[in-house]
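*Asks:* Please see the structure below; I have some questions.
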Amino acid sequence: MGKYILGIDQGTTGVTVILFDPDFSPVARGYREITQLYPKAGWVEHDPVEIFDAVRAATAEAMAIANASPSDIIAIGIDHEGESVVLWDAETGKPVSPAIVWQDKRTAPRAEALQQEYGSLFREKTGLIPDSYFSATKIEWILHNVPECGELYSQGRLFAGNMDAWLLYGITGKKAHKTDASTASRTMLYNLKTGAWDKEICAIFGIDPAILPEIGDSAGCFGYADPDAFLGITAPVTALLNDQQAALLGQGCIVRGSVKATYGTGCFMLMNTGDAPILSESGLIPTVAWQFEGKRTFALDGGVYIAGAAIQWLRDGLGIIGSAKESAALAISVKDNGGVYFVPAFSGLSAPHRDPFATGLMIGITGGTTSAHVVRATEESIAYQVADLAAAMVKDTGIPLTLLRCDGGAVRDEFLMQFSADMLGIPLEIPSSAEATARGVAFAAAIGIGLASPKDAAELFKAKARYAPKITTAERDSMLREWHRALERAKGWYKK
């Protein structure tokens, strides 16, 4: 029986668990969907217990497919959905409330006030512009709105963290409360220069750093799986990464200037910027890509909040497709979008337009508009947003984009990939395995047990498909111009 590295990819809409062999080839895959909770307009929540149970179930499924025993697992890597947070009782392991998801906008007014009062301080220390997207305002909101927090804090029993810390705590049987630098850099509480929780910033939110997880490397021993808590497995957890950074590693983007985009619930583009962060003038996010042996590599990050989630909306909200697979065929069935443009600002707009008060908007509808035009406009909206991110990234770094490596579930959508290449004006490469995120964190786990080194990551990428632009610059500019007209009409809707 072979030995496997377990890659846990906890995403916003589902958990994917993959067993990789020592060559990082996928052997077996388990998956469980995660329930999306929308208790109020602009609020997005998850049940943390459901997520942990989903990780267990997906792991059990992958192990059953591979006929793997617990002793066959030699290391575990965990990546997670990013800025989402959960607070819990350190003694019982019970969450004090639902997890607040990165898409949640309930703290947008608070973030706007912070920008006005402390904007320069946040930018200097964290590299970030205050935004409800990040973890800090979410933690603050729970602290102020869940009475149980005060009592637990007074007893030294309150823990807070992102989903990596929550899953690690559960997998290790409540023994480890840790995170890595890539995740910490997404909280708005982390000092990019010192590599530690910033006490002055924490004090602004009334957050005691003692409730936050210990920050460490992205690879190393974070603790051991508790067999009673995690399917009999006793392997060490040797990697923690934010999901987009895991994908950057999994795509082999270890050279400064290399870029990847992950097409998932959202679409996230990261550029490796080497050993120094770049403070964006376009609202992009300087972030830690990973930290190995105390040395940090940085990236510039741009995120489209709604990508695959817009296709899910066509299925679940409008009912005009039965599955995501139908989307591309419908989009291709019409010669163009019929003049219809869709701005999927369900959770506001991300950089470079960054507007938490924007709303979803569809414009250009006529009596001749069909469901196929609506579907095509929805698919096109993803590519337009990615093109805007790429332009901002080039502007901030001065590094021209010549190639984009893409991963995630939507890379199977040939229409979307070709239209993205057309809007970007550069080739797109699709890896032989779409599961670059899980592979990246599994690779980091191998680094954590000494079976790999960071420089080996370049060999992870093997292209399966390539999409080159097929339209003229004039055609591209015309469509982007119309997109930007629609975009302007969506802005500021909720700001009274």
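*Asks:* Keeping to the stretch 382-402, report how many residues are surrounded by fewer than 16 Cβ atoms within 10 Å (Cβ to Cβ) and either closer than 26 Å to Ala324 by Cα or in contact with a Pro (Cβ under 7 Å, 6 or more places away or on another chain) (or both).
*Replies:* Counting residues in the stretch 382-402 that are surrounded by fewer than 16 Cβ atoms within 10 Å (Cβ to Cβ) and either closer than 26 Å to Ala324 by Cα or in contact with a Pro (Cβ under 7 Å, 6 or more places away or on another chain) (or both) gives 1.
*Asks:* So, one more: On the given criteria, is Pro98 touching a strand residue (DSSP E or B) at 6+ places or on another chain (Cβ under 8 Å), closer than 29 Å to Ser132 by Cα and surrounded by fewer than 24 Cβ atoms within 10 Å (Cβ to Cβ)? Can you show your working first?
*Replies:* Working: touching a strand residue (DSSP E or B) at 6+ places or on another chain (Cβ under 8 Å): yes; closer than 29 Å to Ser132 by Cα: yes; surrounded by fewer than 24 Cβ atoms within 10 Å (Cβ to Cβ): yes.
For Pro98, the condition - touching a strand residue (DSSP E or B) at 6+ places or on another chain (Cβ under 8 Å), closer than 29 Å to Ser132 by Cα and surrounded by fewer than 24 Cβ atoms within 10 Å (Cβ to Cβ) - is met.
*Asks:* Filter the stretch 421-462 for residues that are loosely packed, with under 13 Cβ neighbours inside 10 Å and either of a type in the set (Asp, Glu) or touching a residue at least 40 places away in the same chain (Cβ under 8 Å) (or both); which is farthest from Lys295 (Cα to Cα)?
*Replies:* Glu459
*Asks:* Got a sec? Which of Thr287, Thr265 is buried (at least 24 other Cβ atoms within 10 Å of the Cβ), part of a loop (DSSP other than H, G, I, E, B) and not acidic (Asp, Glu)?
*Replies:* Numbers: Thr287 fails: part of a loop (DSSP other than H, G, I, E, B).
It is Thr265.
*Asks:* Out of Ile78, Ile8, Ile74, I need the residue that is at pLDDT 95 or above and either touching a Phe, Trp or Tyr at 6+ places or on another chain (Cβ under 8 Å) or among the acidic types (Asp, Glu) (or both). Which one? Walk me through how you get there before you give the answer.
*Replies:* Details: Ile78 fails: either touching a Phe, Trp or Tyr at 6+ places or on another chain (Cβ under 8 Å) or among the acidic types (Asp, Glu) (or both); Ile8 fails: either touching a Phe, Trp or Tyr at 6+ places or on another chain (Cβ under 8 Å) or among the acidic types (Asp, Glu) (or both).
Exactly one of Ile78, Ile8, Ile74 is at pLDDT 95 or above and either touching a Phe, Trp or Tyr at 6+ places or on another chain (Cβ under 8 Å) or among the acidic types (Asp, Glu) (or both), namely Ile74.
*Asks:* Take Pro277 and decide whether it is assigned to a strand (DSSP E or B) and surrounded by fewer than 24 Cβ atoms within 10 Å (Cβ to Cβ).
*Replies:* In short, no.
Residue-wise test of (1) under 20 Å from Thr187 (Cβ atoms); (2) touching a Ser or Thr at 6+ places or on another chain (Cβ under 8 Å).
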position: Ser71; (1), (2): no, yes
position: Gly77; (1), (2): no, yes
position: Glu83; (1), (2): yes, yes
position: Ala90; (1), (2): yes, no
position: Ile100; (1), (2): yes, yes
position: Ala111; (1), (2): yes, yes
position: Gln115; (1), (2): yes, no
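*Asks:* Assess whether Lys174 counts as being over 21 Å from Ala289 (Cα atoms) and buried (at least 23 other Cβ atoms within 10 Å of the Cβ).
*Replies:* Criteria not met by Lys174.
*Asks:* Limited to the stretch 475-496, what total is found for residues that are aromatic (Phe, Trp, Tyr) and more than 16 Å from Leu424 (Cβ to Cβ)?
*Replies:* Summing the residues that are aromatic (Phe, Trp, Tyr) and more than 16 Å from Leu424 (Cβ to Cβ) in the stretch 475-496 gives 2.
*Asks:* Which count do you get for residues in the stretch 71-104 that are farther than 28 Å from Asp355 by Cβ, of a type outside the set (Lys, Arg) and in a loop (DSSP other than H, G, I, E, B)?
*Replies:* So the answer is 5.
*Asks:* Within the stretch 1-57, how many residues are among the hydroxyl-bearing types (Ser, Thr, Tyr), crowded, with 17+ Cβ neighbours inside 10 Å and touching a strand residue (DSSP E or B) at 6+ places or on another chain (Cβ under 6 Å)? So that I can check it myself, show each step before the final result.
*Replies:* At the first step, the residues of the stretch 1-57 found to be among the hydroxyl-bearing types (Ser, Thr, Tyr) are 4, 12-13, 16, 25, 31, 35, 38.
Next cut, crowded, with 17+ Cβ neighbours inside 10 Å only: 4, 12, 16.
Of the ones still in play, those that are also touching a strand residue (DSSP E or B) at 6+ places or on another chain (Cβ under 6 Å) are 4, 16.
Final tally of qualifying residues: 2.
*Asks:* Could I ask something else about it? Check whether at least one residue in the stretch 41-55 is among the β-branched types (Val, Ile, Thr), in contact (Cβ under 8 Å) with a residue 24 or more places away in the chain and not in a helix (DSSP H, G or I), and report yes or no.
*Replies:* yes
*Asks:* Restricting attention to the stretch 358-381, and to residues there that are in contact with an Asp or Glu (Cβ under 9 Å, 6 or more places away or on another chain) and surrounded by 17 or more Cβ atoms within 10 Å (Cβ to Cβ), which single residue is farthest from Ser258 (Cα to Cα)?
*Replies:* His373
*Asks:* Working carefully through the options Ile51, Ile65, Ile100, find the one that is of a type outside the set (Ser, Thr, Tyr) and over 19 Å from the mean Cα position of the chain (by Cα).
*Replies:* Ile65
*Asks:* Those residues that are among the β-branched types (Val, Ile, Thr) and within 25 Å of Val17 (Cα to Cα), I need them from the stretch 246-275; list them, please. First the steps, then the outcome.
*Replies:* Keep residues of the stretch 246-275 that are among the β-branched types (Val, Ile, Thr), which gives 254-255, 259, 262, 265, 273.
Across the stretch 246-275, the qualifying residues are Ile254, Val259, Thr262, Thr265.
*Asks:* Within the stretch 471-485, does at least one residue satisfy the condition of being within 24 Å of the chain's Cα centre (by Cα) and of a type in the set (Ser, Thr, Tyr)?
*Replies:* Looking through the stretch 471-485, none of the residues is within 24 Å of the chain's Cα centre (by Cα) and of a type in the set (Ser, Thr, Tyr).
*Asks:* Could you list all residues from the stretch 177-198 that are free of Cβ contacts under 8 Å to residues at least 60 places away in the same chain and either in contact with a helix residue (DSSP H, G or I) (Cβ under 6 Å, 6 or more places away or on another chain) or over 19 Å from Val288 (Cβ atoms) (or both)?
*Replies:* Trp197
*Asks:* Quick check on this structure: which one of Leu270, Leu240, Leu249 is surrounded by 24 or more Cβ atoms within 10 Å (Cβ to Cβ), in a strand (DSSP E or B) and in contact with a Phe, Trp or Tyr (Cβ under 7 Å, 6 or more places away or on another chain)?
*Replies:* Sole residue among the options that is surrounded by 24 or more Cβ atoms within 10 Å (Cβ to Cβ), in a strand (DSSP E or B) and in contact with a Phe, Trp or Tyr (Cβ under 7 Å, 6 or more places away or on another chain): Leu240.
*Asks:* Against the conditions (1) touching a helix residue (DSSP H, G or I) at 6+ places or on another chain (Cβ under 9 Å); (2) buried (at least 21 other Cβ atoms within 10 Å of the Cβ); (3) closer than 30 Å to Pro236 by Cβ; (4) not hydrophobic (A, V, I, L, M, F, W, C), where does Asp89 fall short? Just the number, please.
*Replies:* (2)
*Asks:* Gly409 - would you say it is out of contact with any helix residue (DSSP H, G or I) (no Cβ under 6 Å at 6 or more places or on another chain), surrounded by fewer than 22 Cβ atoms within 10 Å (Cβ to Cβ) and either closer than 26 Å to Leu460 by Cβ or hydroxyl-bearing (Ser, Thr, Tyr) (or both)?
*Replies:* yes
The values are calculated or read from the model by the stated rules, or taken from the named source; none is laboratory data. Predicted, not measured: the structure shown is a model, and the values here were computed from it. We place every Cβ from the backbone using ideal geometry, glycine too, and count neighbours over all the protein chains shown.
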